[in-house]
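**Student:** Please find one structure pasted underneath; my questions will follow.
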Ligand code: PRX
């Protein structure tokens, strides 16, 4: 693949070329893939209408590039190492040849059950090999996968299934997460009471827990797979055919189904994987994310496999059976590139250092972080104890919407700086905008982070709702993609992402819109109104604080019960990750004269910043602020 950076001067040289002539730059990279038919036009874009197309009229199948292309030379090399939740269970090494057979068998099963090109298939699976097989099988036959994180509740699952009218759900009987065993199938059963589009449910056996099977609708995968052929010819896809939908939270109620297409996503994830992780043949790469999030899609599955890499799929959690687990896995599989989230680093840094010290981490070459701003203490701990000050840390900034990493150091080329994502990757043009919509020139500036020109991995739309796509990302600064994040540029031109500027809170690296949580709270009969804000938390980065007003006064005992009930309903409607860490009942919420809740003030109060609340005189009810501060929930 062209344009793999090996020094800082080379980075600048390639970047100049990429920005001067993006079409030539990206077509030179795209040429290294297998296409069934070449593209006619590299890029057609109208950023004012959010209409972006890459490699138009090009035809391909991404699985030929992830699998078939490697079979001749690397058929017996390991594509995926599956590391199970339990240390008692052996890891599985899945070769490219085995992967090919499993994906083809699964693809044939999907076809046999009536799935056709363009159909949507919901995947609600734990981190087991079947998850990778299923996604690739969908791509093989041109079905659009919609993976829903297997920690989401049945209500959240149903809303995602319904939004995309999925025809099938693929799940497992149960999942293991540390010491917990979760019955996934029962969650699916509940979701399907409200999801009429689903015709079949395929069930992988993992925990052998007791489940109900609806005759004619539900099938065990193992029964179907055993009879399936290991040959399935890849469907011919246009570069702009959707590859998958992945939901992300928004500032308003319903989740947004981000649509990623085939050709551009392939080129972008493959190229960024190679540059950011400097992957060499024979390396063992491990990203600890869940495939239910974009990080897993792009940098556990597609990016690595497109490069013929060996990628680890870890089923469990960092703390099971104890806090050695990550370091033990690194030692056991001789991991070379390790990519995780600041929240995991912060929680592991709190443990006794002997957990780290008793393991041989000398195989590590590059460390990565993603998902939220990393604080300086966590960065230094990672650098010192895990990287032993010889592994560059790539602090990678990107989003579900961007498909791949946009800002990150290139290891051994870009000097790293704690908490800075540093420079844009090749072909990316970030700009910082003032609130008035002016591009901020020069360095030492702070602004809203936008991207000026399209790149191949950008989502093309929101499923069934292009208007919302346009409004959410392209209307704040017409002609620019607006990320929803703020950033600063230091004197060297390095970027540091400082956080969200909208009503999305990142909790333990998970993107949570506050509106759906508020809606859930407001459904409690006694609740009049609520406002959710994030506040700084040692391990999670941010935690959620709920300010809730009630329709009538209630006793302390009733309040305690209501707090529990509120969190139960959130867990039920959204998932346990969205539970509130603190809840304060109050007589009123601070509002502007036009009736809007002033979250800015609540954010400060939640963070214990009682001075410098800004101008409160324009509030409709300034006394609300005093009342909340006086009774501030500890
Ligand atoms: O606020 C930014 C934060 O995560 C958001 C995107 O979340 P999501 O779509 O779930 O994707 C996460 C994985 C790519 C961003 O808008 N974020 C992501 N990476 C970083 C970050 N904030 C600071 N530094 C990062 N490296």
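**Student:** Running Debye on the stretch 1-107 with equal point scatterers at the Cα sites and no solvent, what base-10 log of I(q)/I(0) appears at q = 0.10 Å⁻¹?
**Tutor:** For the stretch 1-107 at q = 0.10 Å⁻¹, log10 I(q)/I(0) is -0.50.
**Student:** Still on this model: Over all directions, the average projected area of the alpha-carbon convex hull for the stretch 520-630 comes to how many nm²? Walk me through the intermediate numbers first.
**Tutor:** Details: hull surface 29.5 nm².
It is 7.4 nm².
**Student:** What are the extents of the Cα atoms of the stretch 200-273 along their three principal axes, listed from largest to smallest and rounded to whole Å?
**Tutor:** Its Cα atoms span 40, 40, 25 Å along the three principal axes.
**Student:** Once all Cα-Cα distances of the stretch 369-485 are split into 10 Å bins that start at 0, what whole-number percent is in each one?
**Tutor:** Result returned by the calculation: 13, 39, 31, 14, 3.
**Student:** Return the calculated 222 nm mean residue ellipticity for the chain, to the nearest 500 deg cm²/dmol, obtained by summing -39500 (n - 2.57) across DSSP H runs with n ≥ 4 and dividing by the residue count.
**Tutor:** Working: 19 runs with 182 residues, N = 634.
Helices in the chain give a 222 nm mean residue ellipticity of -8500 deg cm²/dmol.
**Student:** Let me ask you something else. Using alpha carbons only, how many angstrom separate the centre of the stretch 467-530 from the centre of the stretch 119-158?
**Tutor:** 26
**Student:** Something else: How much of the DSSP bridge set in the chain is antiparallel, in percent, rounded to the nearest 5?
**Tutor:** 60
**Student:** Also: In 5 Å bins starting at zero, report the fraction of Cα pairs in the stretch 582-631 per bin as a rounded %.
**Tutor:** 4, 22, 37, 26, 10, 1
**Student:** What is the projected area of the convex hull of the Cα atoms of the stretch 300-427, averaged over all directions, in nm²? Present the calculation step by step, with values, prior to reporting the outcome.
**Tutor:** Values: hull surface 31.8 nm².
With every direction weighted equally, the projected area is 7.9 nm².
**Student:** Next question. Could you state the number of Å between the C-alpha centres of the stretch 370-415 and the stretch 583-634?
**Tutor:** 36
**Student:** Any chance you could get the radius of gyration and Dmax over the Cα atoms of the stretch 112-241, in Å?
**Tutor:** 14.2, 44
**Student:** Relative to the present Cα-Cα distance, how much length would full extension add between residue 524 and residue 319 at 0.36 nm per residue of separation?
**Tutor:** 70.3 nm
**Student:** Sorted from fewest to most neighbouring beta carbons within 10 Å, what does the list 572, 241, 223 look like?
**Tutor:** Fewest-to-most Cβ neighbours within 10 Å comes out as 223, 572, 241.
**Student:** Can you tell me the length gained on complete extension of the stretch residue 213 to residue 439, counting 0.36 nm per residue apart and subtracting the Cα distance?
**Tutor:** Between residue 213 and residue 439, full extension yields an extra 75.6 nm.
**Student:** For the chain, what's the radius of gyration and Dmax over Cα atoms, in angstrom?
**Tutor:** 24.2, 73
Where a number appears in this text, it was derived from the coordinates with a stated rule and is not lab data. Note that this is a predicted model, so its numbers are computed, not measured. Glycine also receives a Cβ, built like all others from the backbone with ideal geometry; neighbour counts cover every protein chain displayed.
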